[in-house]
Amino acid sequence: MSAADTRAARVLSLTLDPDRDVDRIHGNGINTIDIEAVEGRYMLSGGADGVIVIYDLENYSGKLQYTCKAVCTVGRSSRHVHKFSVETVQWYPFDTGMFVSSSFDKTMKVWDTETLKPAEVFQFEGNVYSHHLSPIARKHSLVAVGTNNPKIQLCDLKSGSRIHVLQGHRAEVLSVRWSPRYEHILATASADSKVNVWDVRRASGSLFTLDQHNGEKSKASAEAVNTAHNGRVNGLCFTSDGLYLLTTGTDDRMRLWNSASGENTLVNYGKVCNESRKKLQFAVSRGCSPDFVFVPCGSSVAVYALHTGELVTMLRGHYNNVDCCEFHQDHQELYSGGKDSNILAWVPVLRTADVEDESNNDNKGAAGLSAVNPAFQDAWSSDED
Amino acid sequence: MSLVHAVLIFTLEEPKDIKSTLEYLMTLFPRKLFNDTLPQVVLKHQLYSIHNDKTLVDKEVNKLRECGELLMFQLGFDSEAFGLVFTSDYKTKVLAGEEGKGTRTTVEKFLEKVLPSCTDLSFSKDKMLKVFLFTDSEITQLVKSGVLTVREAGSWWLSIPNSGKFTKYFIQGRKAVLGMVRKSKYGEVLQADLEERRTTSQVKFPLRYHVHDIVGAELVESIPTTSGTLLRFVDS
């Protein structure tokens, strides 16, 4: 089996990790999570209470059962904490010294991780639904911001300026996403049912807008011409090679687009329940063959095969709506956060130690003991039953 | 083939191709209810209830449309509900309905000229006048005969003549069957049990036709259990 097949097999066997949980700091729902790209060790989360927490995902305790501890928190007692719910958090793509958060308190703050104080605060006129920094950009340091104003603002981290504005949408912008392949390409999704793809170097409007009917104007009713969805478009996600773009909308559909031509690949995922009035954060696996999409669906996470549209499984474990999920590329693990204030880790089912392995008796004994969580060990049944 | 024969084949064998699934679903259509004036209509999402791979179903349906064997219609009550009719069936029934009417020649011209060359669901005035060379009065005749219905000013949907009754009974029946599932204990019922039940006068189509519809449109969740398939009402 090639490496990609192995990774795909690991994704197919995802279950709730019995050995690991994440420190429960948030008192309210978790809206957004982000895992840093450099080491894959630290995770940021932003909650409905305005609190931002940083967790260490590595296990240095030596025991199999461990909790991902919160390293530091921007809590309600901090002078700089967001006043209302945090909608998006993102690590600076190149090092963990900085992260950016945006909130319904109409601000976007650029934080210094060391001091947990904002180095820069951008003020907006409306709720900030989404922001994104390009994960590959070397020639620019622009942050795209989607607010309830139809104009998309590009803020420059280096100079603090925000004169660059992208006009084209007619309603609030719910999600913005840079391409992971070309640092100047940006996709934006709006409540006006349209998704625009922009090249920020061009002075004029968008490059193209996604059309769910691929130009076949005959198929739709007159109003639905040139729309990506028959409802608000609230989720955007590029595949890791940047060749495809996934969009989700309140018409309960998810669509896969060719990001270079804007063509709808017409992969049919069926009904992808979507009642979110804000942006939906979903994730795509990387380096698996085939690739999978993880979409929050009510109180579970739905896993679909990317190119065939088949529903592979539903991951159930949350007690309330799931709001965000993030895929850890290196370990093929999924983290999901929701209204029940929990962040759950989903890992591929671990293979039990081989029974034929006689050589390492000590290891086998140790592995046998710690493989069963003491809470599940049967200490009460009698053998005589 | 008879209904019983078709159903037997479908429950015993794995459905292999889309065309035979379509033929099976067509047998569920109640021709007598419409005095045999309507061609057999099936909804595209009913295919999803039988075949798991929706993308494959879409591709196959498009292939059949491209080679002219199948026609697709926007039925009007749901932007995602598309009706499928075999082209030969459609032509026979439409021409039979036009017997002795003044609009017959125009309708014939439309069926011969437009259908084989164009798989669109709707036509704009420009296209009708310039590409297909119809006159304004001919377009009026086509609308009168029911082959075209108004979409918006200057554009028309392709439609099935006299299909209003079909749409009315279909929506009525769908609502009634969904109600049967919803009112069951816990909002769920085994598919086998549901098919045994007596239906009210609201349900004019065979119950199976509606079951394929609500499962394919994901209005109910279809859960495989050890006692057979369970249908659970989906609250949306």
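Where a number appears in this text, it was derived from the coordinates with a stated rule and is not lab data. From a predicted model like this one, the values you see are computed outputs, not experimental measurements. So basically every Cβ, Gly included, is an ideal-geometry build from the backbone, and we count neighbours across all protein chains shown.
Numbers at a glance
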quantity	calculated
Relative contact order of chain B, defined on C-alpha pairs under 8 angstrom at six or more residues apart (%)	19 percent
Dipole moment magnitude, nearest 20 debye, segment A:291-355 about Cα centre, only Lys, Arg, Asp, Glu C-beta charged	220 debye
Residues A:ILE33, B:ILE214, sorted so that the one with the fewest Cβ neighbours within 10 Å comes first	B:ILE214, A:ILE33
Fraction in percent of alpha-carbon pairs per bin - 5 Å, chain B	1, 6, 13, 17, 18, 16, 11, 8, 5, 3, 1, 0, 0
Flagged links, alpha-carbon separation over 25 Å, of A:LYS219/B:LYS144; A:LYS194/A:LYS278; B:LYS63/B:LYS93; A:LYS217/B:LYS165	A:LYS217/B:LYS165
Relative contact order [Cα under 8 Å, 6+ residues apart], chain A, whole percent	14 percent
Selection of trypsin sites (Lys or Arg not before Pro), segment A:134-181, meeting DSSP coil and at most 14 other Cβ within 10 Å	A:ARG138, A:LYS139, A:LYS151, A:LYS158, A:ARG170
Distance from segment B:100-115 to segment A:138-207 (C-alpha centre basis), Å	52 Å
Degrees between helix B:3-12 axis and first principal axis of chain B (Cα, 0 to 90, nearest 10)	60 degrees
Acute angle (nearest 10 degrees) that the helix B:54-66 long axis makes with the longest principal axis of chain B, alpha-carbon atoms	30 degrees
Peptides A:53-64, A:272-283 ordered by average Cβ neighbours within 10 Å, highest first	A:272-283, A:53-64
Anchor A:LYS279: aspartates and glutamates whose Cα lies under 12 Å away (excluding residues fewer than 8 positions away in-chain)	A:GLU87, A:GLU172, A:ASP323
FRET efficiency, B:ASP89 to A:ALA37 (Cβ-Cβ, R0 51 Å, nearest 0.05)	0.35
CD proxy at 222 nm, helix term only [per DSSP H run n ≥ 4: -39500 (n - 2.57); per residue of chain A; nearest 500]	-1500 deg cm²/dmol
Kirkwood Rh, angstrom, segment A:247-342 [1 / mean 1/r, Cα pairs]	13.8 Å
Pairwise FRET efficiency - A:ARG138 versus A:PHE84, Cβ, R0 = 25 Å, nearest 0.05	0.15
Mean ellipticity per residue at 222 nm, deg cm²/dmol - from DSSP H runs of n ≥ 4 across chain B, formula -39500 (n - 2.57)	-14000 deg cm²/dmol
Gain in span if fully extended, A:ARG170 to A:ASP5, counting 0.36 nm per residue against the direct Cα distance	55.1 nm
Where the Cα pairs of the protein assembly as shown fall when distances are cut into 10 Å bins, in %	3, 14, 22, 22, 18, 13, 7, 2, 0, 0
Degrees, to the nearest 10: A:3-12 long Cα axis against longest axis of chain A	80 degrees
Stretchable slack from A:THR308 to A:ILE163, in nm (0.36 nm times residue separation minus alpha-carbon distance)	48.0 nm
Euclidean distance between Cα centres, segment A:238-307 to segment B:155-208, Å	32 Å
Normalised contact order of segment A:74-211, rounded percent, pairs of Cα under 8 Å and 6 or more residues apart	14 percent
Segment B:138-194: equivalent-ellipsoid semi-axes (sqrt of 5 x gyration tensor eigenvalues, Cα, Å)	39, 11, 7
Alpha carbon convex hull of segment A:1-54, volume per residue in cubic angstrom	125 Å³
Order of A:SER130, A:SER289 - criterion: other Cβ atoms within 10 Å of each residue's Cβ, fewest first	A:SER289, A:SER130
Cβ-based exposure ranking for B:LYS32, B:LYS19, in which fewest neighbours within 10 Å come first	B:LYS32, B:LYS19
